[in-house]
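Participant: Take this structure first; my questions come after.
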Amino acid sequence: MRAVRLLPPVQNCYRRTVIELAFIYPNSASSEHKLTRRFTVDQADHGRRAIAYAPVCALALSLWLTACDPSPASRALREASAPPPDAPAQTDADSSGTAAAPASSAPVSTRQAATVEESVSQPEAPDTEPGALSVLGHSVPAGTSTRLTWSPNEVFEGMSTTTPVLVVNGAKPGPTLCLTAAIHGDELNGIEMVRRVIHELEPDELSGAVIGVPIVNLQGFRRGSRYLPDRRDLNRYFPGNPQGSSASRIAHSLFERIIRGCDLLVDLHTGSFYRTNLPQLRADLRYRQVRELTGGFGGMVVLHSEGAVGTLRRAATDAGIPAVTLEAGEPLRLQTSKVSEGVNGILALLAAKDMVKRVQLLGQTEPVFYESTWIRADHGGILFSVVRLGQMVEPGDVLGTITDPITNEQNLIYSAERGRVLGMALNQVVMPGFAAFRLGVETDGPPTDNVLAAVQWGQTDLANPSDGDDGSLQKVSDTETGVSVDLEPEEAS
Ligand SMILES: [Zn+2]
């Protein structure tokens with residue numbers, strides 16, 4: 001810094017010298033003038049001044065050079081931070097064989113820039129600092145934020161797709177909450193939720209850590225597509241396989257390198273294919289730890305479901321990580337109200353887990369647990385809904401109309417039972433059998449602890465949690481099995 005401050009006087013000195021010389025040698029570039037020039041009295045005066053500047057310039061230059069020369073202490077610091085000359089290059093490849101990106105390091109925000117700089121200077125420091133969080137081969141010191149990159153796959157040698165990973169490591173100890181969004185590349189609301197939550201956090205005041213992966217499926221996101229380039233649904237391949245398909249390898253990389261380090265997981269989604277969802281949680285409520293997780297979201301609706309095999313939520317739960325899916329809104333859109341509801345739920349969760357201090361509003365309702373059923377169209381035509389998301393309906397209530405665009409014949413879709421509209425199709429042309437409305441049917445509550453007692457958290461029988469299920473759970477499973485035959489609604493998660 002001293003060198004930078006001393007540079008202007010040196011520059012000024014030389015500038016003045018050059019000016020004086022310019023008076024002596026006007027138009028020196030022209031050979032014609034060189035031949036005819038004559039020294040005048042004025043020129044001689046300028047010459048004397050130029051000569052007088054010489055010792056001043058020399059003094060300024062020597063001072064500047066001294067400032068540039070590092071002190072023994074700073075030289076030692078620089079040498080200590082430099083890698084040994086014979087150290088191997090950082091490979092950071094995961095077990096799937098995909099090469100990881102080099103440490104990236106852009107500030108999460110201006111406010112957090114200083115802490116980012118700190119984390120970048122020690123990218124591969126051992127996790128010896130108290131409270132430091134190890135993520136993607138980097139040590140993130142306590143009380144700092146940083147941005148890392150996850151490289152899920154290598155397209156071909158030397159070219160890979162890197163995905164930003166935002167990390168806020170709190171100054172105080174606590175759980176690590178992970179937020180993943182856009183596993184389906186066209187689901188945008190979750191991306192904005194991650195941004196708002198991450199930038200809301202102050203590392204100094206956070207207990208524990210929050211890791212956000214705003215766009216897991218970057219390739220799908222770039223194309224505005226739900227899928228990976230090979231038309232595979234990434235959310236059917238977790239926990240993945242390092243020797244499997246491209247989707248399976250990407251899933252494996254995310255799961256092993258990021259998800260396994262999480263204590264809690266919230267996977268953010270929207271409805272799919274011209275459907276929209278009331279902001280809600282999907283969770284396997286047979287597990288006490290998952291129920292506790294859902295309870296932290298304030299009054300958000302909770303729909304019990306085991307989760308399809310291959311979903312990130314299911315794989316995380318099977319691995320002993322309490323996980324929920326947060327559904328909100330529709331794909332390909334950014335919906336302010338849905339985003340706000342999701343963000344409020346996540347911030348409430350952070351407060352419930354004592355990760356942040358936040359005043360809880362009085363009068364918040366407890367989560368409502370639902371089983372669900374799909375109401376399908378029996379006719380083809382143009383669907384118009386007459387209900388809205390979140391509305392309570394009774395048996396026999398009209399949910400929507402389907403009109404044949406050619407014959408003008410109109411048919412009504414009726415509710416079969418009392419329930420709440422948790423998800424619905426947007427107005428569109430539908431075929432007979434199309435799943436149009438998802439009704440949540442309120443239950444007495446989550447499964448009893450007796451059921452949970454039969455399943456030990458983190459044990460191998462967690463992979464088959466249906467053992468010991470009671471009848472009501474089986475009913476849900478039956479409903480979902482029927483739904484999954486048609487794939488459309490099931491793919492909504
Ligand atoms: Zn999704």
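Participant: Quick check on this structure: which one of 436, 453 is modelled with pLDDT under 50 and more than 16 Å from the ligand (Cβ to nearest atom)?
Facilitator: Going through 436, 453 in turn, just one is modelled with pLDDT under 50 and more than 16 Å from the ligand (Cβ to nearest atom): 453.
Participant: Do you know which residues across region 228-252 are within 16 Å of the ligand (Cβ to nearest atom), in contact with a Leu (Cβ under 8 Å, 6 or more places away or on another chain) and part of a loop (DSSP other than H, G, I, E, B)?
Facilitator: Answer for region 228-252, where residues must be within 16 Å of the ligand (Cβ to nearest atom), in contact with a Leu (Cβ under 8 Å, 6 or more places away or on another chain) and part of a loop (DSSP other than H, G, I, E, B): 228, 238.
Participant: Can you tell me which of 283, 209, 247 is free of Cβ contacts under 8 Å to residues at least 24 places away in the same chain, surrounded by 18 or more Cβ atoms within 10 Å (Cβ to Cβ) and not assigned by TED's automatic domain parsing to the domain that holds residue 420?
Facilitator: 247
Participant: In addition: Pick out the one residue from 406, 402 that is assigned to a strand (DSSP E or B) and either touching a strand residue (DSSP E or B) at 6+ places or on another chain (Cβ under 6 Å) or not assigned by TED's automatic domain parsing to the domain that holds residue 338 (or both). So that I can check it myself, show each step before the final result.
Facilitator: Working: 406 fails: assigned to a strand (DSSP E or B).
Just one listed residue meets the conditions, 402.
Participant: Could you go through region 256-276 and let me know if any residue there is of a type in the set (Asp, Glu), farther than 28 Å from residue 137 by Cβ, within 15 Å of the ligand (Cβ to nearest atom) and out of contact with any Cys (no Cβ under 6 Å at 6 or more places or on another chain).
Facilitator: No: region 256-276 contains no residue that is of a type in the set (Asp, Glu), farther than 28 Å from residue 137 by Cβ, within 15 Å of the ligand (Cβ to nearest atom) and out of contact with any Cys (no Cβ under 6 Å at 6 or more places or on another chain).
Participant: Let me ask something additional. If residue 215 meets every condition in (1) within 14 Å of the ligand (Cβ to nearest atom); (2) hydrophobic (A, V, I, L, M, F, W, C); (3) assigned to a helix (DSSP H, G or I) apart from one, which number is that one?
Facilitator: (3)
Participant: Residue 307 fails exactly one of the following numbered conditions: (1) at pLDDT 95 or above; (2) touching a strand residue (DSSP E or B) at 6+ places or on another chain (Cβ under 8 Å); (3) within 14 Å of the ligand (Cβ to nearest atom); (4) small (Gly, Ala, Ser). What is the number of that condition?
Facilitator: (1) is the only condition that residue 307 fails.
Participant: Go through (1) more than 25 Å from residue 435 (Cβ to Cβ); (2) within 16 Å of the ligand (Cβ to nearest atom) for residue 327 and report which single condition fails.
Facilitator: All conditions pass for residue 327, except number (1).
Participant: Just one of 312, 349 is more than 16 Å from the ligand (Cβ to nearest atom), of a type in the set (A, V, I, L, M), surrounded by 22 or more Cβ atoms within 10 Å (Cβ to Cβ) and over 23 Å from residue 439 (Cα atoms); which is it?
Facilitator: Selected residue: 349, the only one of 312, 349 that is more than 16 Å from the ligand (Cβ to nearest atom), of a type in the set (A, V, I, L, M), surrounded by 22 or more Cβ atoms within 10 Å (Cβ to Cβ) and over 23 Å from residue 439 (Cα atoms).
Participant: Given the criteria buried (at least 18 other Cβ atoms within 10 Å of the Cβ), within 13 Å of the ligand (Cβ to nearest atom) and basic (Lys, Arg), does residue 291 qualify? Steps first, answer last, please.
Facilitator: Values: buried (at least 18 other Cβ atoms within 10 Å of the Cβ): yes; within 13 Å of the ligand (Cβ to nearest atom): no; basic (Lys, Arg): yes.
The answer is no for residue 291.
Participant: Same structure again: In region 385-415, which residues are over 24 Å from residue 441 (Cβ atoms) and exposed (fewer than 14 other Cβ atoms within 10 Å of the Cβ)?
Facilitator: Of everything in region 385-415, those that are over 24 Å from residue 441 (Cβ atoms) and exposed (fewer than 14 other Cβ atoms within 10 Å of the Cβ) turn out to be 404, 405, 406, 407, 408, 409, 410.
Participant: Could you look through region 262-276, keep only residues that are of a type in the set (Ser, Thr, Tyr) and assigned to a loop (DSSP other than H, G, I, E, B), and pick out the one that is farthest from the chain's Cα centre (by Cα)? Break it down stepwise before answering.
Facilitator: Let us first name the residues in region 262-276 that are of a type in the set (Ser, Thr, Tyr), namely 270, 272, 274, 276.
Add one more test, that the residue is assigned to a loop (DSSP other than H, G, I, E, B), and what stays is 270, 272, 274.
On the way: 270: 15, 272: 19, 274: 24 Å.
Per the stated criteria, the residue is 274.
Participant: Would you mind stating whether residue 382 is out of contact with any His (no Cβ under 8 Å at 6 or more places or on another chain) and over 30 Å from residue 217 (Cα atoms)?
Facilitator: yes
Participant: Could you identify the single residue in 223, 195 that is closer than 18 Å to residue 145 by Cα and among the basic types (Lys, Arg)?
Facilitator: Of the residues listed, the single one that is closer than 18 Å to residue 145 by Cα and among the basic types (Lys, Arg) is 195.
Participant: Taking the stated definitions as given, is residue 341 in contact with a Pro (Cβ under 6 Å, 6 or more places away or on another chain) and more than 13 Å from the ligand (Cβ to nearest atom)?
Facilitator: Here the answer is yes, as residue 341 does meet what is asked.
Participant: For region 277-296, does any single residue satisfy the condition of being at positive phi and part of a loop (DSSP other than H, G, I, E, B)?
Facilitator: No, region 277-296 has no match at all.
Participant: Of the numbered conditions (1) surrounded by fewer than 17 Cβ atoms within 10 Å (Cβ to Cβ); (2) of a type outside the set (Gly, Ala, Ser); (3) within 17 Å of the chain's Cα centre (by Cα), residue 223 fails exactly one; give the number of that condition.
Facilitator: Failing condition for residue 223: (3).
Participant: Within region 225-246, can you find the residues that are of a type in the set (Gly, Ala, Ser), out of contact with any His (no Cβ under 7 Å at 6 or more places or on another chain) and modelled with pLDDT of 95 or more?
Facilitator: Passing the criteria: only 225.
The values are calculated or read from the model by the stated rules, or taken from the named source; none is laboratory data. Small disclaimer: the values here were computed from a predicted structure and weren't measured. Neighbour counts run over all protein chains shown; Cβ positions are idealised from the backbone, glycine included.
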